[in-house]
Amino acid sequence: MNFRTTSLEPKTKEKELTPEAFVAFLTLLSPDPEIAGEMYEELRRQLIKFFEWRGACFADMLADETLNRVMRKLDEGEEIEKNILALSLGIARFVLMEYWRHPDNRRVELEQLFALAAPSAHLREDDDPWLISLRHCLSSLPEEDRDLIIEYYQEDKQAKIDNRKALAARLGISINTLFSRARRIRDRLERSVVNTMERNFVEFS
């Protein structure tokens with residue numbers, strides 16, 4: 001079993017976790033090392049599931065960050081009075097909110113999702129929550145904006161460039177104007193998707 005960290009919001013450097021903190025955490029789970037190890041893995045699985053169902057990428061890294069913070073509380077001498085799962089989920093909610101607020105994480109990979117989110121695409125119930133949220137937000141756009149942004153991100157490499165030139169010509173606008181219009185729609189969609197995900201987080205957390 002290993003523990004690692006992941007980057008969230010910029011903050012002051014925290015002291016590194018010690019092996020003793022990890023041992024103390026396992027002992028808190030169970031005095032029996034074998035049972036403690038099994039409980040640790042199960043807790044980690046529960047946290048990964050928590051992050052996955054809320055649309056976070058790198059759910060395993062976020063789960064590890066959550067466990068690191070629980071262990072850090074122990075290392076700093078804080079007494080753990082509540083159920084360890086409840087405590088871990090409480091910390092996980094803060095980790096998730098930090099993740100969404102970080103600009104690099106907040107930028108949904110829309111280029112990769114637009115083709116899947118198009119109205120003609122088949123959407124499965126087990127699709128990524130980001131994709132479900134994006135498709136919902138796309139449906140709320142004016143039809144003209146929705147068609148433009150979906151077509152803007154179609155194709156790849158040179159075909160994408162040619163497609164955008166053809167789209168600009170059909171709309172009677174320059175490439176620069178098309179870029180500016182697509183960027184405004186994308187920014188509006190990004191904010192809408194993140195807001196939707198945060199509302200779902202509040203409702204289902």
Quick count over region 148-157, residues being assigned to a helix (DSSP H, G or I) and either free of Cβ contacts under 8 Å to residues at least 12 places away in the same chain or exposed (fewer than 14 other Cβ atoms within 10 Å of the Cβ) (or both), is 1
If you go through ASP145, ASP75, the only one that is buried (at least 16 other Cβ atoms within 10 Å of the Cβ), acidic (Asp, Glu), under 30 Å from ARG44 (Cβ atoms) and modelled with pLDDT of 70 or more is ASP75
Within region 27-55, the count of residues that are outside any helix (DSSP H, G or I), farther than 16 Å from GLY90 by Cα and either under 22 Å from the mean Cα position of the chain (by Cα) or in contact (Cβ under 8 Å) with a residue 12 or more places away in the chain (or both) comes to 1
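The values are calculated or read from the model by the stated rules, or taken from the named source; none is laboratory data. What you are looking at is a predicted structure, and each value in this text was computed from that prediction instead of being measured. We place every Cβ from the backbone using ideal geometry, glycine too, and count neighbours over all the protein chains shown.
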